[in-house]
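The values are calculated or read from the model by the stated rules, or taken from the named source; none is laboratory data. Note that the structure is predicted; figures quoted are calculated from it, not measured. Cβ atoms come from the backbone with ideal geometry, glycine included; neighbour counts cover every protein chain shown.
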Amino acid sequence: MDTCGFLYKYTAAFFGKEGQENIDPVVFFKILLVGYINNINSDRALLRYCEDSLGIRLFLGYDLNEELPWHSTISKTRSL
């Protein structure tokens, strides 16, 4: 059972069906959690930290060869 599945229901109104691919709400909140725990305020620094840490990549559900979301996507989603 997915413990973060409730996020999809609560965030469905904020994510469109057309245009560029949206960031997964669970991944977004996990990235913000990593930033909060490690006291990282900059979106660029946060994603650099996530890219360099194998443990964080595992926590987010990304393989080594998968590209993480762009920092601008995190910034725009955060502003919503």
### Task
For region 59-80, name all the residues that are farther than 15 Å from residue 29 by Cα and more than 12 Å from the chain's Cα centre (by Cα).
63, 64, 65, 66
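Okay, residues lined up against (1) aliphatic (A, V, I, L, M); (2) touching a Ser or Thr at 6+ places or on another chain (Cβ under 9 Å); (3) in a helix (DSSP H, G or I); (4) modelled with pLDDT of 80 or more:
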| position | (1), (2), (3), (4) |
| --- | --- |
| 1 | yes, no, no, no |
| 9 | no, no, yes, no |
| 27 | yes, no, yes, yes |
| 36 | no, no, yes, yes |
| 39 | no, no, no, yes |
| 46 | yes, no, yes, yes |
| 57 | no, no, yes, yes |
| 67 | no, no, no, yes |
| 78 | no, no, yes, no |
### Query
Say we look at region 64-80 and pick out the residues that are of a type outside the set (S, T, N, Q) and either surrounded by fewer than 13 Cβ atoms within 10 Å (Cβ to Cβ) or in contact with a His (Cβ under 9 Å, 6 or more places away or on another chain) (or both); which of these is farthest from residue 43 (Cα to Cα)?
64
